[in-house]
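Engineer: Quick one: this structure, given as structure tokens, is what I'll be asking you about.
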Amino acid sequence: MISARAFSVPADIVFRNVCFPVICALLLVFSLAAPASARHFSAAATAAQPKPCAILLHGITKDAMSMQAIERALVADGYTTVNLEYPSRENPIEILATEAIPRGLAECEERGASRVHFVAHSMGGLLVRYYFEQRDTSAIASVVMLGTPNQGSRLGNFLSCIPWIKDLNGPAGKQMGIDPRSLPNRLGPVRFPLGVIAGTRSFNPLFAAIIDGDDDGRVGLPSTYVEGTCARVTYPLSHDGLTDDPRVIQQVVHFLDNGTFAGDGVESFPCAESAPD
């Protein structure tokens, strides 16, 4: 009879041949799992960071669809967007501004954005100027205005004298003349970083004759400037063509990203800084 002692295995052999390989395998698993977990945590933290928010404002007689090309480019660049719809011909600029812009700011706040950008076409820029004339601008990262009549439009004065045309653009359309009493000329300098994109092509010879100098068919080039503007760039485009042109869209994204326009032909001015009330 063979005793059980003959089949016993020394403890050091068991540890070396069985336990040690198992321990090594477990350590290897944990060493590989830890970096993966860390990477997952890092990705989750990055995903939790809020995106910059851009509020888009269309011009008079237009709607939010006119800003969709710009909106798509901003979304592709990592922005969350609020493309505001407002009844541009139903109320004066003062009412349009105080009804539309708080909606945009509220939506950006709901998405966690601490600072916001604005992209405004034509009269939409005047809504931004009016709303922030007496309000804190420290939350504004930057603003781009496309063909905004910051000093009014001579065409506005002309059309307001024609009985069967003067009411077509509603109360706001009558506020954008070049006289000192017009709303644009009663507003002060901007108090936020502003980039202006202007057009210099008109397809209406009558309107071009009414507006002095280069114009986009609605707004003269000099009128697009307002004190505090950081930079301005121009393209041979009509007023309505400013919202769809790839060059303009690229410059909008570049200004929101960098606070300046790209390429040659950019006019630079003493730039306003965001400031509290």
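Engineer: If you take the residues of the stretch 51-76 that are touching a residue at least 12 places away in the same chain (Cβ under 8 Å) and of a type in the set (Val, Ile, Thr), which of them is surrounded by the fewest Cβ atoms within 10 Å (Cβ to Cβ)?
Structural biologist: To start, the set of residues in the stretch 51-76 that are touching a residue at least 12 places away in the same chain (Cβ under 8 Å) comprises 51-64, 66-71, 73-74.
Next cut, of a type in the set (Val, Ile, Thr) only: 55, 60-61, 70.
Values: ILE55: 25, ILE60: 20, THR61: 16, ILE70: 24.
Here the residue is THR61.
Engineer: Now a separate question. Select, from ASP257, ASP264, ASP212, ASP216, the only residue that is buried (at least 19 other Cβ atoms within 10 Å of the Cβ) and acidic (Asp, Glu).
Structural biologist: Numbers: ASP257 fails: buried (at least 19 other Cβ atoms within 10 Å of the Cβ); ASP264 fails: buried (at least 19 other Cβ atoms within 10 Å of the Cβ); ASP212 fails: buried (at least 19 other Cβ atoms within 10 Å of the Cβ).
It is ASP216.
Engineer: Which one is nearest to MET123 (Cα to Cα) among residues in the stretch 77-93 that are touching a residue at least 40 places away in the same chain (Cβ under 8 Å) and acidic (Asp, Glu)?
Structural biologist: Only one residue fits best here, namely GLU90.
Engineer: Considering only residues of the stretch 199-244 that are over 17 Å from CYS271 (Cα atoms) and among the hydroxyl-bearing types (Ser, Thr, Tyr), which is farthest from the chain's Cα centre (by Cα)?
Structural biologist: Looking at residues that are over 17 Å from CYS271 (Cα atoms) and among the hydroxyl-bearing types (Ser, Thr, Tyr), I get SER202.
Engineer: Have a look at ALA97, ALA141, ALA120 and point out the one that is open to solvent by 20 Å² or more (accessible area, probe 1.4 Å) and hydrophobic (A, V, I, L, M, F, W, C). Spell out how you get there, then give the answer.
Structural biologist: Numbers: ALA97 fails: open to solvent by 20 Å² or more (accessible area, probe 1.4 Å); ALA120 fails: open to solvent by 20 Å² or more (accessible area, probe 1.4 Å).
Criteria check complete, one pass: ALA141.
Engineer: Tell me, yes or no, whether the stretch 244-260 has at least one residue that is under 17 Å from GLY59 (Cα atoms) and free of Cβ contacts under 8 Å to residues at least 24 places away in the same chain.
Structural biologist: We begin by selecting, within the stretch 244-260, every residue under 17 Å from GLY59 (Cα atoms); these are 244-245, 248-249, 252.
Now drop any that are not free of Cβ contacts under 8 Å to residues at least 24 places away in the same chain, which leaves 245.
Yes, because at least one residue in the stretch 244-260 is under 17 Å from GLY59 (Cα atoms) and free of Cβ contacts under 8 Å to residues at least 24 places away in the same chain.
Engineer: Could you tell me how many of the residues in the stretch 232-264 are farther than 21 Å from ALA139 by Cβ and in contact with a Phe, Trp or Tyr (Cβ under 9 Å, 6 or more places away or on another chain)? If you could, list the steps in order and put the result at the bottom.
Structural biologist: First, pick out the residues of the stretch 232-264 that are farther than 21 Å from ALA139 by Cβ: 232-251, 254, 261-264.
The next check asks that each one be in contact with a Phe, Trp or Tyr (Cβ under 9 Å, 6 or more places away or on another chain); those that pass are 232-233, 238, 241-242, 245, 247-248, 251, 254, 261-262.
The qualifying residues number 12.
The values are calculated or read from the model by the stated rules, or taken from the named source; none is laboratory data. Please read these numbers as outputs of a predicted model, since none were measured by experiment. We place every Cβ from the backbone using ideal geometry, glycine too, and count neighbours over all the protein chains shown. Just the protein is used for accessible areas: all its heavy atoms, side chains included, with ligands, DNA and RNA removed. Shrake-Rupley method; radii C 1.70, N 1.55, O 1.52, S 1.80 Å.
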